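See structure below.
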Amino acid sequence: MFVCAGCQRELGALEFLHEVSVWWPELECGRRICAACGHREEVGLRPGVVELGYLYSAGTAHFARMWEQTLPGLGVLRGADGLRLRYAGEIWHVPVEQIG
Ligand SMILES: [Zn+2]
């Protein structure tokens, strides 16, 4: 179970993952936009792990992981065109967004 930091809405893991709409391979994170309140947050995804954090600039942008939650069964495959996510019997694609 996840809680939106913007509206405190509780989300199931599948709903949370589907709100991650772009992936930035250079930063190893993507962006989730809450469908209810529009809150934006940076999310890292690894096999079996969801990371939450924020972007900061130190010459170049970096993703700072603040918190992570294990999510058994989450499959994450990285490709040139984005991420392929697999969870709860669904497989879908999160496209890369170029920075700058
Ligand atoms: Zn929200």
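Coordinate-derived values only; no laboratory data. Since we're looking at a predicted model, the values are computed, not measured. Reconstructed Cβ throughout: ideal geometry from the backbone, glycine too, with neighbour counts over all protein chains shown.
Suppose only helical runs count, i.e. DSSP H with n ≥ 4. What mean residue ellipticity at 222 nm does that imply for the chain under -39500 (n - 2.57) per run, divided by all residues and rounded to the nearest 500 deg cm²/dmol?
-1500 deg cm²/dmol
Given the Cα-Cα distance of R46 and I99 and 0.36 nm per residue of separation, how much length would full extension add, in nm?
This chain segment gains 17.0 nm when fully extended.
Within region 59-83, list the residues whose amide N lies under 14 Å from a label point set 7 Å along Cα→Cβ of A5.
The answer is 63-69.
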